[in-house]
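What follows is a set of notes on a single structure, which appears directly below.
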Amino acid sequence: MANLKELRSRITSVSSTMQITSAMKMVSAAKLSRAQDAIDAMRPYAEKLTELLQNLSASLGDEQGSKYSDQRELNNILIVAVSSNRGLAGAFNTNIIKAVKRLAATEYKGKNVEVMGLGKKANDILKKSFEIYKNNNAVYDDLNFEATSAIAEDLMLQFSEKKYDKIVIVYNQFKNAATQIVMTEQFLPIVPDENQEEKNTADYIFEPSKEEIVEELIPKSLKIHLYKALRDSFASEHGARMTAMHKATDNATELRDALKLSYNKARQASITNEILEIVGGAEALNK
């Protein structure tokens, strides 16, 4: 009978867990819909702005280059790791942590590598292996362009003051609810598009001047770049969590059904044993 009590307890526990994971799946699905709409609406603007900036930058001479295009010897590297503040999202955060460690161990081996955490999960793990420049977990409390702009401005300042020679962003790019692609993109210095010369360049009329327009566009483009990465990561997080909770619910359902089957078999065996004992006792009395 103790075995039956244990099985009943496990069935109740698994059923409770299944309800929680199912609810989390529905919440993530609702948030994913809004996050996906936001990134889908933003991508064309961000891509067009980057294309325009590369077109203009390619037409400027080296002597007219921006301070954000300064190519120098790589000694100090900053990796911006974009993760989430919460877990239960499958391999979403683990993939970012692995990508950062792989970059530091291969491409930037022997360099002074620091990390800026945009998200609690990556920061908590990476601070054990790297020097943390800043922790900006609060950016997800209200993800908006103004908050992201402040972070981007700080990164631009650190690069222009030569604290860092290169800044890269590692984040999850949203493809669909089941697929997130780990991206590593160079934030600073700005690198001109190598294929720009092969593309058809438009003939623009500049007012007031090409140089002034570029200087105005570069900070805005960098802010948009970071904001898009955060929006991509935000949508990817909810997609990953929805998928993880869906799998967890399915697994809990299978486990609950298996436990119910075991419980019914044990109960049937217990009842059969009781019947046999009663019959055996009755036969003993008749003799």
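My understanding is that a pair violates if its Cα-Cα distance is over 22 Å; which of 109/175; 111/166; 111/163; 109/166; 101/223 do that in this structure?
On the way: 109/175 31 Å; 111/166 11 Å; 111/163 13 Å; 109/166 14 Å; 101/223 25 Å.
Violating the 22 Å limit, Cα to Cα: 109/175; 101/223.
Over the Cα atoms of the chain, each weighted equally, I'd like the Debye log10 I(q)/I(0) at q = 0.09, 0.13 Å⁻¹, rounded to two decimals.
With no solvent term, the Cα-only Debye profile gives -0.57, -0.94.
Over the chain, what is the relative contact order in whole percent, taking alpha-carbon pairs under 8 Å and six or more residues apart? Each step should come with its number before you reach the end.
Values: 380 pairs, mean separation 89.5, N = 287.
The normalised contact order for the chain reaches 31 percent.
Assuming a ≥ b ≥ c are the square roots of the Cα gyration tensor eigenvalues, decide whether the stretch 208-287 counts as rounded (a/c under 1.5), prolate (otherwise, with a/b larger than b/c) or oblate. Write out the running numbers ahead of the final one.
Values: a/c = 19.31, a/b = 13.57, b/c = 1.42.
Note, shape of the stretch 208-287 comes out prolate.
So what's the stretch 62-163 giving for Cα Rg divided by 2.2 N^0.38 Å, two decimals? All intermediate terms of the calculation are to be shown ahead of the outcome.
On the way: Rg = 14.9 Å, N = 102, 2.2 N^0.38 = 12.8 Å.
Taking the Cα Rg and dividing by 2.2 N^0.38 Å, one obtains 1.17.
Sort 151, 275, 79 so the one with the fewest other Cβ atoms within 10 Å of its own Cβ comes first.
Details: 151 19, 275 10, 79 27.
Listed from fewest to most nearby Cβ atoms, that is 275, 151, 79.
Label residue 178 and residue 247 with points 7 Å out from Cα along Cα→Cβ: what is the distance between them in nm?
So the two model labels end up 1.1 nm from each other.
Within the stretch 129-163, which residues have the backbone N less than 17 Å from the label spot 7 Å out from residue 73 along Cα→beta-carbon, could you tell me?
162-163
Fewest to most neighbouring Cβ within 10 Å: what's the order for 225, 246?
Numbers: 225 21, 246 18.
Listing 225, 246 from fewest to most nearby Cβ atoms yields 246, 225.
Taking only Cα atoms and a 10 Å spring cutoff, compute GNM fluctuations for the chain and point out the largest among 141, 250, 165.
141
As a test of understanding, state the convex hull volume per residue of the stretch 248-287 from its alpha carbons, in Å³.
Working: hull volume 1.0 nm³, N = 40.
Output value, Cα hull per residue: 24 Å³.
In nm, to one decimal, how far is the residue 257 label point from the residue 111 one, both placed 7 Å along Cα→Cβ?
My value for the distance between the label points is 5.2 nm.
No lab work stands behind these numbers, since they all come straight from the coordinates. Keep in mind that what you see is a predicted model, and the values were worked out from it rather than measured. Heads up, the Cβs are rebuilt from the backbone with ideal geometry, glycines too, and the neighbour counts pull from every protein chain shown.
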